[in-house]
Amino acid sequence: MAKKKETAERPICSNKQARIHYFIDETYEAGIVLVGTEVKALRDGRANLKDSYALIKDDELYLYDLHISPYSHGNRANHNPLRVRKLLMHRREIQRLYGKSQERGLTLVPLKMYFRNGKVKVEIGVGRGKKLYDKREDLRLKEDRRAIERGLRAKNRDS
């Protein structure tokens, strides 16, 4: 009996600012169309999702402002670091995302990139922008949680 191959994820990069600036409602996984030197650069972990976003044009999903640094051992045919890249999803999923992105205040934000079974995948989140008071509230909750954990650790150390 053949053993089922596990789907291990190897992270490339993540957009840490996305969860600070947006409430993420749903996440989707998409493939991405890349050229050879981009894949080699990604294997070196040379990507930045910080300012990137996704848009739907002509029933296709595209990723903008994803920065993949040029491959260090590439030749003159190296890739453009900021080119627009096509994302691969099922048509029904793209239509669902299109409907959500047309709602007021919703944005398609890439959350992380990773390798799954040798293929590069992008996790796309449907996010609603946070107001300044929401960000402050999240920061206060995070600090409170950290203080409670610190207190519990000190109590366990004393026991």
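The values are calculated or read from the model by the stated rules, or taken from the named source; none is laboratory data. Only a predicted model underlies this, so the values are computations on that prediction, with no experimental measurement involved. Here Cβ is always computed from backbone atoms with ideal geometry, including for glycine, and neighbour counts include all displayed protein chains.
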Q: Would you tally the residues in the range 115-147 being in contact with a strand residue (DSSP E or B) (Cβ under 9 Å, 6 or more places away or on another chain) and over 19 Å from residue 27 (Cβ atoms)?
A: 1
Q: Quick one: which residue in 111, 106, 97 is out of contact with any Gly (no Cβ under 8 Å at 6 or more places or on another chain) and surrounded by 11 or more Cβ atoms within 10 Å (Cβ to Cβ)?
A: 97
Q: Identify the single condition in (1) farther than 29 Å from residue 134 by Cα; (2) part of a strand (DSSP E or B); (3) not small (Gly, Ala, Ser) that residue 38 does not satisfy, given that it satisfies every other one.
A: (2)
Q. In the range 102-159, what residues are among the β-branched types (Val, Ile, Thr) and assigned to a strand (DSSP E or B)?
A. 107, 109, 120, 122, 124, 126
Q. If you scan the range 125-151, which residues turn out to be small (Gly, Ala, Ser) and within 23 Å of the chain's Cα centre (by Cα)?
A. 125, 127, 129
Q) Which of the residues that make up the range 5-33 are part of a loop (DSSP other than H, G, I, E, B) and either on the phi > 0 side of the Ramachandran plot or crowded, with 18+ Cβ neighbours inside 10 Å (or both)? A) 15
**Q.** Residue selected from the range 55-80 under the condition under 23 Å from residue 24 (Cβ atoms) and not in a strand (DSSP E or B), by the criterion modelled with the lowest pLDDT
**A.** 66
Q) Which one is farthest from the chain's Cα centre (by Cα), of the residues in the range 42-52 that are at pLDDT 85 or above and crowded, with 18+ Cβ neighbours inside 10 Å? A) 42
Q.
Just checking, does the range 81-88 include any residue being more than 19 Å from residue 102 (Cβ to Cβ), part of a loop (DSSP other than H, G, I, E, B) and in contact (Cβ under 8 Å) with a residue 40 or more places away in the chain?
A. no
